[in-house]
Amino acid sequence: MQILDGKALAQEIENTIQQEVQLLNKEGITPGLAVILVGNDPASQSYINMKAKACKRTGIYSITHEMPENIKQESLLQTIAMLNQNPNIDGILVQLPLPKHIDTTAVLETIAPHKDVDGFHPFNMGRIFANLDGFIPATPMGVITLLKHYNIALQGKNVVIVGASNIVGKPLAALFLNQNATITLCHIYTQDLIQHTKKADILCVAVGKPNLISKDMVKEGAIVVDIGISKLDDGKILGDVDFLNVSPKCSFITPVPGGVGPMTIASLLQNTLKAAKLRTKKH
């Protein structure tokens, strides 16, 4: 069993980004990322802090717009419109989930597609499904980058993804499909989940339910990518996979924390750098 070390790879990616940012600086360009945080959800706050620190490490300019929980949708959309027009901002990221009274789709569709570094705009989603270049959501992008780094062949593999969200499950399925893998996408209405997970050469789990996947659900030698993360009341961080009991059966497995999490942030930085390079082409 080998650990898929996302933390170490993310560090390598950050070093490369830092060098590329320095080259852009010589052209008079500093990549800029604007983050919008609505309300004071502690998990969202902690993600934002990690993103801000990563920007600082790599030389990317970042600004956070903090907004109250009860902000009117119109005000939020106006802020995005303003950032769309700002020539120094390359990427705009709205931290999800948003409060119930705000229409998330309307918010995501307001972000200019060439600044959509989260890859959630329907324009970029469509490009992924058509296997065209665009901005890929950071977590699915991080998963594929991590597997490729370990020279894990994806073509022809049976890939089972548990969790069909627009943020992770669906785009991840499209990325695997673009690599010629065979995909099974499971969700809350899937009957007899174990029948699917046991057939997986590569099993990806993104549900946010601690220890959902037990060792009897995984076949011998499988590659397991645990995308879920939950914080227990005692402060312990757990993934969706029962790591202790499942890992001995795997050929590769991601730890939680230290697996997909750091890769998500590294991928976001890669997207921001890509957006900044698009700006240089417009000059």
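Some observations on this one:
- Residue in the stretch 36-52 that is at pLDDT 95 or above, basic (Lys, Arg) and over 14 Å from GLN270 (Cα atoms) present: no
- Number of residues in the stretch 142-196 that are hydroxyl-bearing (Ser, Thr, Tyr) and in contact with a Ser or Thr (Cβ under 8 Å, 6 or more places away or on another chain) equals 1.
- None of ILE29, ILE71 is touching a residue at least 60 places away in the same chain (Cβ under 8 Å) and in a loop (DSSP other than H, G, I, E, B) except ILE29.
- Number of positions in the stretch 32-53 that are part of a helix (DSSP H, G or I) and either open to solvent by 60 Å² or more (accessible area, probe 1.4 Å) or closer than 18 Å to ASP116 by Cα (or both): 8
- Within the stretch 83-111, tally of residues that are crowded, with 19+ Cβ neighbours inside 10 Å and not β-branched (Val, Ile, Thr): 7
- Enumeration of residues in the stretch 160-178 that are open to solvent by 60 Å² or more (accessible area, probe 1.4 Å), without any contact (Cβ under 8 Å) to a residue 60 or more places away in the chain and not polar (S, T, N, Q): LYS170, LEU177
- Against the criterion of being in contact (Cβ under 8 Å) with a residue 24 or more places away in the chain and buried (at least 17 other Cβ atoms within 10 Å of the Cβ), LEU146 qualifies.
- Qualifying residue in the stretch 23-30 (condition: among the hydroxyl-bearing types (Ser, Thr, Tyr), open to solvent by less than 10 Å² (accessible area, probe 1.4 Å), modelled with pLDDT of 95 or more and under 26 Å from LYS281 (Cα atoms)): no
- The stretch 109-133 - residue that is assigned to a helix (DSSP H, G or I) and touching a residue at least 24 places away in the same chain (Cβ under 8 Å) and, of those, farthest from the chain's Cα centre (by Cα): THR110
- Applying a threshold of 6 Å to beta carbon distances and a minimum spacing of six or more residues, or different chains, the list of pairs starting in the stretch 251-267 at a residue that is closer than 18 Å to ILE223 by Cβ and ending at one that is at pLDDT 95 or above and hydroxyl-bearing (Ser, Thr, Tyr) reads ILE253/SER247; VAL260/THR254.
- Residue list for the stretch 1-22, filter: over 17 Å from ASN271 (Cα atoms) and open to solvent by less than 70 Å² (accessible area, probe 1.4 Å): ILE3, LEU4, ASP5, GLY6, ALA8
The values are calculated or read from the model by the stated rules, or taken from the named source; none is laboratory data. Only a predicted model underlies this, so the values are computations on that prediction, with no experimental measurement involved. With ideal geometry, Cβ positions are generated from the backbone for all residues, glycine too; neighbour counts draw on all protein chains shown. Just so you know, the surface numbers come from the protein's heavy atoms only, side chains and all, with ligands and any DNA or RNA stripped out. Shrake-Rupley method; radii C 1.70, N 1.55, O 1.52, S 1.80 Å.
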